[in-house]
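Enquirer: One structure, pasted below without further comment.
The values are calculated or read from the model by the stated rules, or taken from the named source; none is laboratory data. Everything numeric here is computed off the predicted structure, so don't read it as measured data. With ideal geometry, Cβ positions are generated from the backbone for all residues, glycine too; neighbour counts draw on all protein chains shown.
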Amino acid sequence: MSVATTLFRFEDSYAREVPGLSVPWTAAPAPAPELLVLNEELAAELGADPAALRDPAGVALLAGQVPAGVPTVAQAYSGHQFGMYSPRLGDGRALLLGEVIDTSGHRRDLHLKGSGRTPFARGGDGKAAVGPMLREYLMGEAMGGLGIPTTRALAVVATGEQVFRERPLPGAVLARVAASHLRVGTFQYAAASGDRDLLRALADYAIARHYPAAADYLELFQRVAEAQAQLVARWMLAGFVHGVMNTDNTTISGETIDYGPCAFMDAYDPATVFSSIDDRGRYAYGNQPHILQWNLARLAETLLPLFDENSSDENSSDENSEAAVEAATEALSGFAMSYERHWAEGMAAKLGLTAPDKELAADILKLMRLQKVDFTLFFRALSAGTARELFAEPGPFDAWSVRREGLLAADRTALTSMERVNPVYVPRNHLVEEALAQATEGEMGAFHRLVDVVSSPFTERAGLEDYARPAPVGSAPHVTYCGT
């Protein structure tokens, strides 16, 4: 079914085809909605008129005030949060406005965040503040500019009311676009219900929407694992730390979702953690591939009843169950190999090599860690031939560089593409915090400039030198927070 509005033609295939995994709900009123930022490029991709979205009716829609007849829902899911299972999470402060078929024929969710309490709110107020919603907008555009699969924000709308955290803050709603909001946690919720038909309907929907070429449920899992292997490899190659890799933040589509306590690493260190609550380093930069595999193991557990062709029979044998486990284990082991391949190939490109050399890559990363060399600066400087200047003790780098030159001697073709994979600009943490602090006080200039810079990260531009530098020496360690 589709519902026409003056701005979008919404569809509701998920709510119709997988009943039981969402509940009808409406957004809380926004007393005085004001558009803070609109992604006009993304609006055009969705087939919407940016000018109409800036009109009062468009701003009201982006704040959750939908026309009559548009069925909005809150989605249900479970999740392991920092390793602890929560059976009922769901969209506690979010709503799915509907699905839009974009100008390329792809189905995409238009989803609100900060739109008020739902039945899944778990005691929260369901609201969000301007700063965290602008962070999600900024990070999505930065990741998109880097070529990393991501959800993106269509808009951030100030609601005209205060939300209370440690102090009163201006409230906001984020309008987010995603290939879908299906998560590992969605499958965990369906599996925990004990309803085999619900689980099967969810898996069928995921295949139809994301992997229509998958021949069966095992291949669905394999394709999800491959998409996530590529994704986490790209995170690692960009120095990105997600910060909250719970199973409810692991998508079936392979897009990055939920930019809460995320940040980009400055000095290279696998132990880098930015989240204020990750005191054990579960989601540290270097742990991300292992955590992704752990999350995928949880997905495999939910799909076990569907892996064997006889699993729908209540009298299926132990042998068949063992066969399903073996199939899942084999598929899961493929994730590690796929990740290593994608990472090694990506690192070779960053180093200007035509083929991976794991020892060379490992040795330079070790040296960068020991001398606290900035991750982004190093690879861009290597492209420019100035990387030696970043090392306080250049001798070990010189020795490493001789080894690299030996590999380049026969074939230097990959050198020409280094600047296309090594960015000049990432969202430097101190600049992000400065821009968000100013935006919270009503000054959006720094935010807009930063979005412009990180949206085109590979092209060096005059006058933007400060955007390429890490925080000044002596700055306090960067800390991010899950609370929004």
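Enquirer: Here is a list: A355, A349, A336, A344. Which entry is more than 20 Å from R420 (Cβ to Cβ), among the aliphatic types (A, V, I, L, M) and either in a helix (DSSP H, G or I) or out of contact with any His (no Cβ under 6 Å at 6 or more places or on another chain) (or both)? Explain how you work it out, then say what you get.
Expert: Details: A355 fails: more than 20 Å from R420 (Cβ to Cβ); A349 fails: more than 20 Å from R420 (Cβ to Cβ); A344 fails: more than 20 Å from R420 (Cβ to Cβ).
The match here is A336.
Enquirer: Return the residue satisfying two criteria in turn: it lies in the range 254-276 and is assigned to a strand (DSSP E or B) and not aliphatic (A, V, I, L, M), and of such residues it is nearest to L220 (Cα to Cα).
Expert: First, pick out the residues of the range 254-276 that are assigned to a strand (DSSP E or B): 256, 263-264, 267, 275.
In the following step, the residues that additionally are not aliphatic (A, V, I, L, M) were identified as 256, 264, 275.
Values: T256: 19, F264: 31, S275: 32 Å.
Checking each candidate, the answer is T256.
Enquirer: Follow-up question, since we're still on this one. Pairs under 8 Å by beta carbon, first residue crowded, with 21+ Cβ neighbours inside 10 Å in the range 330-347, partner among the hydroxyl-bearing types (S, T, Y) and not in a helix (DSSP H, G or I), six or more apart or different chains?
Expert: Nothing qualifies.
Enquirer: From the list E443, E405, which residue is within 27 Å of A94 (Cα to Cα), exposed (fewer than 13 other Cβ atoms within 10 Å of the Cβ) and free of Cβ contacts under 8 Å to residues at least 40 places away in the same chain?
Expert: E443
Enquirer: Something else about it: If I go through the range 178-203 residue by residue, how many of them are touching a residue at least 12 places away in the same chain (Cβ under 8 Å) and more than 16 Å from R108 (Cα to Cα)?
Expert: Final tally of qualifying residues: 18.
Enquirer: If I go through the range 204-238 residue by residue, how many of them are over 16 Å from L296 (Cβ atoms) and crowded, with 23+ Cβ neighbours inside 10 Å?
Expert: Residues in the range 204-238 being over 16 Å from L296 (Cβ atoms) and crowded, with 23+ Cβ neighbours inside 10 Å: 1 in total.
Enquirer: Can you say whether E433 is part of a loop (DSSP other than H, G, I, E, B) and either at pLDDT 95 or above or touching a Gly at 6+ places or on another chain (Cβ under 6 Å) (or both), as far as the supplied structure shows?
Expert: Criteria not met by E433.
Enquirer: Pick out the one residue from R469, R412, R449 that is surrounded by fewer than 18 Cβ atoms within 10 Å (Cβ to Cβ), farther than 30 Å from D125 by Cβ and touching a Lys or Arg at 6+ places or on another chain (Cβ under 9 Å). I'd like the intermediate steps shown before the answer.
Expert: Numbers: R412 fails: touching a Lys or Arg at 6+ places or on another chain (Cβ under 9 Å); R449 fails: touching a Lys or Arg at 6+ places or on another chain (Cβ under 9 Å).
Checking each option against the conditions leaves just R469.
Enquirer: With the condition kept exactly as written, say whether any residue in the range 212-233 is closer than 30 Å to V424 by Cβ and of a type in the set (K, R).
Expert: no
Enquirer: Out of V224, V244, V273, I need the residue that is touching a residue at least 12 places away in the same chain (Cβ under 8 Å) and over 27 Å from M133 (Cβ atoms). Which one?
Expert: Working: V244 fails: over 27 Å from M133 (Cβ atoms); V273 fails: over 27 Å from M133 (Cβ atoms).
It is V224.
Enquirer: Taking S475 as meeting all but one of (1) part of a loop (DSSP other than H, G, I, E, B); (2) more than 30 Å from D278 (Cα to Cα); (3) hydroxyl-bearing (S, T, Y); (4) in contact (Cβ under 8 Å) with a residue 40 or more places away in the chain, write down the number of the exception.
Expert: Exception for S475: condition (2).
Enquirer: Exactly one of these conditions fails for F391: (1) touching a Gly at 6+ places or on another chain (Cβ under 9 Å); (2) surrounded by 17 or more Cβ atoms within 10 Å (Cβ to Cβ); (3) within 21 Å of L360 (Cα to Cα). Give me its number.
Expert: (1)
Enquirer: Taking interchain pairs and intrachain pairs at least six residues apart, which have beta carbon atoms under 9 angstrom, with the first residue in the range 446-464 and farther than 16 Å from N39 by Cβ and the second hydrophobic (A, V, I, L, M, F, W, C) and exposed (fewer than 14 other Cβ atoms within 10 Å of the Cβ)?
Expert: Going by the 9 Å Cβ cut-off, the qualifying pairs are A446/A437.
Enquirer: Is one or more of the residues making up the range 121-135 farther than 19 Å from D258 by Cβ and either buried (at least 24 other Cβ atoms within 10 Å of the Cβ) or out of contact with any Gly (no Cβ under 6 Å at 6 or more places or on another chain) (or both)?
Expert: Within the range 121-135, one or more residues are farther than 19 Å from D258 by Cβ and either buried (at least 24 other Cβ atoms within 10 Å of the Cβ) or out of contact with any Gly (no Cβ under 6 Å at 6 or more places or on another chain) (or both).
Enquirer: Can you name the number of the only condition in (1) at negative phi; (2) surrounded by fewer than 21 Cβ atoms within 10 Å (Cβ to Cβ); (3) under 18 Å from the mean Cα position of the chain (by Cα); (4) not basic (K, R) that F82 fails?
Expert: If we test F82 against (1) at negative phi; (2) surrounded by fewer than 21 Cβ atoms within 10 Å (Cβ to Cβ); (3) under 18 Å from the mean Cα position of the chain (by Cα); (4) not basic (K, R), just (1) comes out false.
Enquirer: Answer yes or no as to whether A225 is in contact with a His (Cβ under 9 Å, 6 or more places away or on another chain), small (G, A, S), assigned to a helix (DSSP H, G or I) and within 30 Å of G352 (Cα to Cα).
Expert: No.
Enquirer: Given D318, D279, D308, D313, which one is crowded, with 21+ Cβ neighbours inside 10 Å and either at pLDDT below 95 or within 18 Å of Y77 (Cβ to Cβ) (or both)?
Expert: D308
Enquirer: Going through the range 129-148 one residue at a time, which ones are more than 15 Å from F447 (Cα to Cα) and touching a helix residue (DSSP H, G or I) at 6+ places or on another chain (Cβ under 6 Å)?
Expert: Within the range 129-148, G145, L146, I148 qualify.
Enquirer: Say whether the condition of being buried (at least 23 other Cβ atoms within 10 Å of the Cβ), touching a Pro at 6+ places or on another chain (Cβ under 9 Å) and either part of a loop (DSSP other than H, G, I, E, B) or in contact (Cβ under 8 Å) with a residue 60 or more places away in the chain (or both) is met by at least one residue in the range 12-29.
Expert: No, the range 12-29 has no match at all.
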